[in-house]
Structure formats: structure tokens, C-alpha cells
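The values are calculated or read from the model by the stated rules, or taken from the named source; none is laboratory data. Quantities reported herein were computed from a predicted structural model and do not represent experimental measurements. Here the Cβ positions follow ideal geometry from the backbone for every residue, glycine too, while neighbour counts run over all protein chains shown.
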Amino acid sequence: MQVIRCANAPMFRRAFVAACAFAISALAPVHAQSQDGPGAHGALIGDFLYSDDSDRFQEERFNAGYLFSNNWGFGTSFTHYSSPGWSAFGYGAYGLYRERGTQQTVDARLGVMDTHGYTTAVGTLDYMRHITADTGIGVSAERDVVDSIVGLERGLTYTSLVLVLDHQFTPRFSMGAVAGALWFSDNNTRPLLRTRWNYELIANSGLNAYIKTRTYSDSNPYLGDYYSPRWLNEYSGGLSWRTAINDKVLFFVSADAGRQNTSDGANNIWSARTGLENHRSRASHVQWQIAVETTNNSSFGFMSGGGAGYRYTSVMGRLFIPLN
């Protein structure tokens, strides 16, 4: 199995999630964003990801860092990939900047990663600004390794640049969109578009219905280094629910099903996600989230392989501890 895993948040891991991760699958209304940041003595930050699939490809990823009170900081990362008879390790160090405000958010990271003997510059940039009370626009960029087995053995990388839109049409109806492209070091270019349309079924209930879409094409398909069909179009619909367990903890769950059409054929797809996180009213305190996700979508990241009966499951978490 050859796969790239998506962690919580940015571009694949942050802007979509993902994440792994597509951020627009969790975009909150613009006016609901909370302000937070490091304490007087900075903050400790960290995240982890563990994933496994029915082809027995596993990934363990850990990031840990420190933010100074001025929002600048540094961090380190460790990743382990394994499959029967094969394994690889990745080590990285980076500088970072993180800003959370009522009008804009910034997440930036730039550093060096050594993976399976290949050293390369890696980084991310996520910028989002609220231009009105109901509309946010932003940009997301990333450079990282293609963490499939062949990608790691060949030292392949990708660079991405996407524009992000988040708009609240009414208090109960919102949409998010991500449009841009990926450029792979094996001379493949992938323009892409993802959208999510969300409607709260009962006002202030946390119960939502949503539709999400994804489409892309590859200029140099079927290279065999990662999943790269000539084209892919998919759509799915589902329900999500978010509710407070108490004044400290929120519970969330979502599930959807749909159809994926590619140049190779068509398949039914589904996914589900559930977890816990800190209550928004406690944004100035320790912030955390833990989630479990599962899907049968073998194109979830840069996967190749899969087939009938395929399953992918991940556990991910994040932690932010202000030091006051």
C-alpha cells in the first residue's frame, strides 16, 4: 500500500481536511471564531497522528513545539512509516508563527525534513482574514514529501497553493471552497476544487446536513508513485452534530456517503468521524482535540492500492497549553 496521511487541519492537513484532513469540512461561521494565543510565558503546542489501513500500511507522526509570547516559535517532528517487510523514518525541525485574532488567523511553519535519507525544505502557510462579518478569504500553501512507499524511496515532494473562501449566507446556511493546484516533483500538475455546503437543520441545535464535492485532474497520470488517475470527481452528503457535554467539553460526530467517479471507474464512498474537544468558552485555557476517523475512500490522500473491502482508520489529536 502506498499512502499519504492527512493530519488535523492545513492544506490537505490544514485547509481541507485533511486531513486528514480538509479544513473546509470543519469551517465554523466567521462570527463564531474565538481569540486565543500564547500566555505571558509563551505556550507549548503539539499534535499526533496514528493511522492504519486494510493493506497494513501504518503511520505514526508527532509534532511538538514552543511558542514565545510574541507568537513566534520553534518545533520538531518525528514520523515512522511501516508496512510488512518495509519501514522508513522522518525527522524534522522548523520555525513557526501562529496568530489567532477576531479578524485574521495565521499559521506558518518553515524548516527541514530528513525522510528515508532524503533532506528537503518543507513548510506550510495558512492565512485567513474575515473581510465582512459573514465572509472570510484566505490562502494556503504547503511543501512536503509524498509519503507513499515509492514516493519516500524516490524522495518525491509536492508544492501546493490554494485559495480559500468561507461564506455565511444566513445564520444557518454556509459554504466553504478551496481552489488551486499541486505541483509534484515528478512533473505532474494537479488543479483541484473542493466545496462544502452546510445547513443547520434546527437553529442552535448543532445538528447539520452537508454536501461536499471534490474534483481534480492530473497532467501526467498513472505514474505509479502515488494515486494519480487522469481525473476524479466525487460528491457525498451527510449529517454532523456538535454539542456541549458540559462547560468544558464538546462532543462532535459526522458521517456521510456518496459516489466517486474516476477515469478508472466508479465506486461508492463513505466516511465517519467522531471526537471530543475543549469548549469554545475556554479558549484562553488549555485547548485540545482528539478524533477518530474511518473511510473506505482509497483516494483519501495520495493512496494507491485499496480495492474492494478497503478501510482506512486514523486517530489524531492536538494540544495547546498557554503558559501564564
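Rundown of residues vs (1) basic (Lys, Arg); (2) out of contact with any Lys or Arg (no Cβ under 8 Å at 6 or more places or on another chain), yes/no style:
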| position | (1), (2) |
| --- | --- |
| Ala141 | no, yes |
| Tyr158 | no, no |
| Arg172 | yes, yes |
| Phe184 | no, no |
| Trp197 | no, no |
| Ser205 | no, yes |
| Ala209 | no, yes |
| Thr213 | no, no |
>> So Ser83 ticks every box in (1) out of contact with any Leu (no Cβ under 6 Å at 6 or more places or on another chain); (2) under 20 Å from Leu125 (Cβ atoms) but one. Which box is left unticked?
In response: (2)
>> Pairs needed: first member in segment 85-111, under 28 Å from Arg129 (Cβ atoms); second member anywhere, among the basic types (Lys, Arg) and crowded, with 17+ Cβ neighbours inside 10 Å; C-beta distance under 6 Å; at least 6 residues apart or different chains.
In response: Tyr94/Arg109; Leu96/Arg109; Asp107/Arg98
>> Can you tell me how many residues within segment 108-117 are at pLDDT 95 or above and either surrounded by 15 or more Cβ atoms within 10 Å (Cβ to Cβ) or not aliphatic (A, V, I, L, M) (or both)?
In response: 5
> Quick one: in segment 67-81, which of the residues that are surrounded by fewer than 17 Cβ atoms within 10 Å (Cβ to Cβ) and among the aromatic types (Phe, Trp, Tyr) is farthest from Val145 (Cα to Cα)?
Replying inline: Phe68
>> Given (1) β-branched (Val, Ile, Thr); (2) assigned to a loop (DSSP other than H, G, I, E, B); (3) at pLDDT 95 or above, identify the lone condition not met by Val162.
In response: (2)
> Can you name the residue in segment 40-65 that is of a type outside the set (A, V, I, L, M, F, W, C) and within 12 Å of Ser77 (Cβ to Cβ) and is also farthest from the chain's Cα centre (by Cα) among such residues?
Replying inline: Gly65
> Asp147 versus (1) in contact with a Lys or Arg (Cβ under 8 Å, 6 or more places away or on another chain); (2) among the charged types (D, E, K, R); (3) closer than 29 Å to Pro38 by Cβ: which is the lone unmet condition?
Replying inline: (3)
